[in-house]
Amino acid sequence: MSTRSNIAVLELDGTVEMIYVHWDGYIEHNGVILHTYYNCEVAARELVSKGNISTLKKHIAPLHYGQHSYNDPEPDVTVFYGRDRKDSEEEAVKYDTLDEATEDKEKYMYVYYVAQQVWMVKSEGRVLMLLEEAIAMKKTKKTMKKTTNS
């Protein structure tokens with residue numbers, strides 16, 4: 001079963017460009033990848049510019065062009081529906097406001113705030129928070145659970 005998410009870039013003028021990600025949307029996977037490998041404006045924009053994603057990985061571009069595909073992906077390379085499966089209409093969607101972009105969307109939403117140069121995350125039923133803090137909270141909970149179960 002998939003954990004779907006959205007990835008968006010919030011522009012200075014308040015507009016949003018957003019894509020869909022089908023697999024592993026939870027903070028411990030997509031959140032950590034975004035924070036680790038896409039933690040700057042250039043990387044966030046490039047990722048969103050490629051359109052909807054099947055599986056987010058640490059690289060956008062394959063090392064061996066022509067060998068990476070939806071059915072046979074290179075290790076650690078993001079799989080895009082348009083580029084790698086040749087699907088049409090998989091481009092990013094533009095919204096006038098963040099509120100409009102967050103209405104009835106996926107379980108997790110990752111937003112790169114251009115003004116602050118940071119990733120934020122909103123999980124189902126929660127408010128937007130710094131992605132870095134959300135990752136730290138997950139690590140703390142995991143550590144506490146291990147300690148309690150020992």
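Points to keep in mind about this one:
- Whole-percent carbon and sulfur share, accessible surface of the chain, 1.4 Å: 50 percent
- Relative contact order (percent, whole number), region 1-100, Cα cutoff 8 Å, 6+ residue spacing: 30 percent
- Read-out Cα Rg over 2.2 N^0.38 Å, derived from the coordinates shown; its label in [x] 1.35; [y] 1.06; [z] 1.02: [y]
- Spatially, region 1-75 and region 86-140 are offset by 12 Å when compared through their Cα centroids.
- Only DSSP H runs of four or more residues enter the estimate; each adds -39500 (n - 2.57), and after division by the residues of the chain the mean residue ellipticity at 222 nm equals -8000 deg cm²/dmol.
- The heavy atoms of ARG126 offer some 130 square angstrom of accessible surface to a 1.4 angstrom probe.
- Candidates LYS139, LYS107, LYS122: whichever shows maximal mean-square fluctuation once the chain is modelled as a Gaussian network with Cα springs under 10 Å: LYS139
- Taking every protein chain into account, the 1.4 Å probe leaves MET18 with about 10 Å² of accessible area, to the nearest ten.
- Pairs of lysines in the chain (C-alpha under 13 Å apart; 8 or more residues apart or interchain): 4
- Taking amide H atoms as placed 1.01 Å from N in the peptide plane, the amide H of ARG4 lies under 5 Å from those of GLY25, LYS107, each 5 or more residues away in sequence or on another chain.
- Formal net charge of residues neighbouring VAL21 (Cβ-Cβ distance under 10 Å; K, R +1; D, E -1): -1
- Since only ASN6, LEU130, ASN52 are under comparison, the one whose Cα sits farthest along the positive direction of the charge dipole of the chain, derived from C-beta charges on Lys, Arg, Asp and Glu, is LEU130.
- Total formal charge among the other residues, if their Cβ is under 14 angstrom from that of HIS64, Lys/Arg +1 and Asp/Glu -1: -4
- Average accessible area per residue (Å²) across the chain - probe 1.4 Å, nucleic acids and ligands excluded: 59 Å²
- Here the Karplus curve 6.51 cos²θ - 1.76 cosθ + 1.60, taken at θ = phi - 60°, turns the phi angles of region 117-122 into couplings of 6, 9, 8, 10, 9, 10 Hz, with x standing for Gly and Pro.
The values are calculated or read from the model by the stated rules, or taken from the named source; none is laboratory data. In this text, all values refer to a predicted model and were calculated from it rather than measured experimentally. Because the Cβ atoms are built from the backbone with ideal geometry, glycine has one as well, and the counts that use them run over all protein chains shown. The protein model used for the area step is the full one, side chains on, heavy atoms only, and it has no ligands, DNA or RNA in it. Shrake-Rupley method; radii C 1.70, N 1.55, O 1.52, S 1.80 Å.
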